[in-house]
Amino acid sequence: THEHLSALAHTIQQAQHIAVLSGAGMSTESGIPDFRSANGLFTRDRSFADVVNIDYFYADPAGFWAAFKEIFKLKLAGNYEPNGGHRFLAELEQGGKRVSVLTQNIDGLHHKAGSSEVLELHGTLVKATCLQCGTPHDLDYLQQHDVPQCRQCDEILKPDVVLYGEAVPLVEPAFELAVQADLMLVLGSSLEVGPVNLIPREARRAGVTCALINLEPTHLDYVFELLVHDRIGATCDKLRALGALD
Ligand code: NAD
């Protein structure tokens, strides 16, 4: 692993354009549980994937909102702070590189850390747009109403997160950025959720160097030339010490 770490530090240092794909493991060091932990969470006898599901939203919007609020406490963006991993990416950008952050997270922490190019592939927790008339509503409004309804037309709002069963609207630009980059860096994702999990293999096919930092091995580890199975925060500190930001 040390060999991979030095090689990764060198590759980052040399890269002009880095495409990052981040997952829930990016934010565990900020205190937000990842999917595996959240998966243990049962609300009204429904699993995480059953709740965060477009069919359930349409079948029972009130039940959906109760369970959704319970899972996410609807205040992630306000109460949590970016960690060293988020800051490392912002620092790479400050150092003059282009860093395209493709994130599966809905917590807004990449923006908060100062990254300027962030594609929130699974949407964001902090807004809800009316499906009927398009009126946007902010987090305060969502927190104030148990079952938030549009202030213009009374339609029950759907949060601006991509639910299971919905298309991922930004997936094509994400693939395009990944194949244009000279390094694809995956941080904290089990790579279980499609179609986003197909992005690294596509980048590799296009000749982009692919690296992964994840605590546990994933079923797609074979795609990556550079692998570090460790925490993101500690690894970013080591990469810094090895000159990745020079
Ligand atoms: P996942 O939970 O399936 O996988 C997270 C991976 O990160 C795991 O393999 C774990 O070993 C690793 N990990 C955990 N902490 C780590 C650390 N400190 N350093 C390095 N690796 C670490 O997450 P996923 O692949 O993003 O898929 C989960 C889905 O659930 C996504 O679609 C996402 O939208 C959603 N989700 C989002 C959040 C969030 O916004 N923070 C939280 C939970 C779930």
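Bear in mind these aren't lab numbers, they're just calculated from the coordinates by the rules spelled out. Being a predicted model, the structure only gives us computed values, none of them experimental. Quick reminder, even Gly has a Cβ in these numbers, built from the backbone with ideal geometry, and neighbours come from all protein chains shown.
Things to note:
- Placing a label point 7 Å from the Cα of Y58 along the Cα-to-Cβ direction, the residues of the stretch 133-149 with a backbone N closer than 17 Å are 133.
- Only DSSP H runs of four or more residues enter the estimate; each adds -39500 (n - 2.57), and after division by the residues of the chain the mean residue ellipticity at 222 nm equals -10000 deg cm²/dmol.
- Whichever aspartates and glutamates have a C-alpha closer than 12 Å to that of K127, once near sequence neighbours (fewer than 8 apart) are set aside: D107, D138, D140, D160
- Taking Cα atoms only, the orientation of helix 2-14 departs from the longest principal axis of the chain by about 80 degrees.
- Between the amide H of Q149 and those of L157, distances stay under 5 Å, these residues lying 5 or more places away or on another chain, with hydrogens modeled in the peptide plane.
- If you take all other residues with their beta carbon under 11 Å from the beta carbon of P159, and give Lys and Arg +1 and Asp and Glu -1, the sum is +2.
- Charge context of L245, other residues only, Cβ under 10 angstrom, K/R +1, D/E -1: 0
- Full extension of the chain segment joining Q149 with R240 gains 28.0 nm, where the gain is 0.36 nm per residue of separation less the Cα-Cα distance.
- Measure of compaction for the chain (Cα Rg per 2.2 N^0.38 Å): 1.04
- Violating pairs (Cα-Cα greater than 19 angstrom) within the set K69/K112; K112/K158; K73/K158; K112/K238: K69/K112; K112/K158; K112/K238
- Cβ-based net charge around S27, under 9 Å, with every Lys or Arg adding one and every Asp or Glu removing one: -3
- Principal-axis analysis of the Cα atoms of the chain puts helix 171-180 at an angle of about 10° to the longest axis.
- Placing dummy labels 7 Å off each Cα toward the beta-carbon, the span from K112 to E192 is 2.5 nm.
- Each residue of the stretch 119-126 was assigned a 3J(HN,Hα) from its phi angle through the Karplus expression (A = 6.51, B = -1.76, C = 1.60, θ = phi - 60°), giving 9, 8, 5, 9, x, 9, 7, 8 Hz with x at Gly and Pro.
- Taking Cα atoms only, the orientation of helix 84-94 departs from the longest principal axis of the chain by about 70 degrees.
- When the Cα atoms of the stretch 60-129 are aligned to their principal axes, the ranges along those axes come out at 48, 20, 15 Å in descending order.
- Each part gets one Cα centre, and for the stretch 113-190 versus the stretch 194-240 those centres are 24 Å apart.
- Comparing A174, A62, A113 in a Gaussian network model of the chain where C-alpha atoms under 10 Å apart are linked, the largest mean-square fluctuation is found at A62.
- Summarising the strand pairing of the chain, around 25 percent of its internal DSSP beta bridges are antiparallel.
- The chain: relative contact order in percent, alpha carbon pairs under 8 Å with at least 6 residues between: 26 percent
- Distant-in-sequence amide contacts of Y164, defined by a placed amide H-H separation under 5 Å and a gap of 5 or more residues or a different chain, comprise N53, I54.
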